[in-house]
Structure formats: structure tokens, C-alpha cells
Amino acid sequence: MEMWKESQLRQISDAKEIKSAYEKSLNLVQSLGFKFCAFTITSPSEIHHRDTVNFNNYPLDWNTEYEQAHFRDIDPILAHCNQSEWPILWEDEVFSKAPQLRVAQKTQGLQYGWSQSIHDGSGLRSMVSLARSNSPIYACELYENLGYAMFINHQLHGHVAKKLRHRLPSACTPHLSTREIEILKLSADGKTAYECSRILSISERTINFHVHSAIQKFGVNNKIAAVIKAVRTGAI
């Protein structure tokens, strides 16, 4: 790694406040060939919309138009990042159902870009976007710079998350019974329902009952997702 990149990464890591960390991140992003950098983090509850944090150096007209036209409601990039941590390029086909958003985006000089998100165990979601007005972004460049974007996202996310987590509704971290925790721990170790029943000396039907209860509490669709959620929230 070039020394100047290592120095900038260290400056971002050493920043004490989110504003300073963002400004140093913007310097790195621009040195990588991107003009714009945006960071946003939100809590999963609508009652905490006031806690949404947003930093970007987009044109003022674009920020205004984005809000006034309610582009947030139809933004496919935002929708993708709310569901996945996989990076996504701002390609025309991605905006096939929101062509007006894509046209407005290009008009404001935000023609080429990509976004990547973080979903942490407390339910907070953050997104970093890098963009420029000229020169397409190909997959090789995206993956070459993915590590830098992930580093920036984690650093900025960390600054804000520690202030937001304690305000999240308790529903984000549901209470699990002792038996549910035991079963999820065994499931995390790869044990089947039958194996769990033998270890805990209870029926397989009871095991499945507790697994179903945990699934409902976490609001997920299956046992694997419940185990992942339990790990991320620190329940197991």
C-alpha cells in the first residue's frame, strides 16, 4: 500500500468526531478518483427518523431535489442497501423502474457511482456512496477500492452507532428464554433438532417449539437466520 494511503487511513481511524472522520474520508475518496462521497446511517424504527445522520458533498440542488421529489421512496440503490451488504454499481438498468431519478441524478453530475452498506446487530444500517461525473466505474475498479470504502463505512458507522444504539427500541433486541438460548447455541454448533433433544433431554417437538419462538421474536424466516441474529445481537 502506498504510504499516503496508509497515512490517510490512519487519520480517519484517529479522528475523534464523525465530522472530522468524514472530512478525512472525503480526502481519501477524492484521491482515489471520486468527486463525491456520501454517508448515511439510520435506525430501524420510524420513530427514530430524527436520529438519521447524513454527510455528503453532493450539489445542494441535488439534495434539495432528492427530498422534494421524494426520491428516497423509489431509490433502487437505497432499497438494495437496506436489504444487502453487497456493493452495487449505479448502472442504468438498476434504475429501470425509476428513470426520472436517474435522469435527475445525471443532470446533477452524479452519473457514475456505487454504494455499499453495513447492517449491524442492533439493527442500524449505514451506507457509503462514491460518485463522479465522468469516467464509468467498472467492476475491477470497484473491487480495487472496495476495501477503502468498507473501512470508511465502518469508521463512520462506529462514530454514530455508539450514540444511537442506546436509543433503539427494546424490540430490536428481543428477550430470549434460557432454553431458547441453549438451543440456538447448539444450533450454531451445527446440531440438529434431534441432537439437541438428546443433549437437553427433551423432545424434538419441544426443540422445534423453542426454535419457532426464537424465529418469531427475531422476525426472521428460519433457524439459520435466527442463529445469525442471535450472534449479531450478542444473545449467544
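The values are calculated or read from the model by the stated rules, or taken from the named source; none is laboratory data. Just so it is clear, the model here is predicted, and its values are computed rather than measured. Don't worry about glycine lacking a Cβ; one is built from the backbone with ideal geometry, like all the others, and counts go over all protein chains shown. SASA here: full protein model, heavy atoms, side chains in, ligands and nucleic acids out. Shrake-Rupley method; radii C 1.70, N 1.55, O 1.52, S 1.80 Å.
Only residues that are open to solvent by 20 Å² or more (accessible area, probe 1.4 Å) and in contact with a Ser or Thr (Cβ under 6 Å, 6 or more places away or on another chain) were counted in the stretch 126-154, giving 1. Scanning the stretch 75-108 for residues that are open to solvent by 20 Å² or more (accessible area, probe 1.4 Å) and among the small types (G, A, S) yields A79, S84, S96. Residues in the stretch 14-30 that are within 17 Å of W4 (Cα to Cα) and touching a helix residue (DSSP H, G or I) at 6+ places or on another chain (Cβ under 7 Å): A15, A21, K24, S25, N27, L28.
Mind checking which residues of the stretch 180-222 are assigned to a helix (DSSP H, G or I) and open to solvent by 70 Å² or more (accessible area, probe 1.4 Å)?
K185, Y194, E195, R198, I199, E204, R205, N208, F209, H212, Q216, K217
Among the residues of the stretch 106-132, those identified as small (G, A, S), within 19 Å of L28 (Cβ to Cβ) and in contact with a Gly (Cβ under 7 Å, 6 or more places away or on another chain) are S129, A131. On the stretch given as the stretch 1-13, residues that are at pLDDT 90 or above and out of contact with any helix residue (DSSP H, G or I) (no Cβ under 9 Å at 6 or more places or on another chain) total 2. So is R232 of a type outside the set (S, T, N, Q) and within 26 Å of G123 (Cβ to Cβ) or not? Yes.
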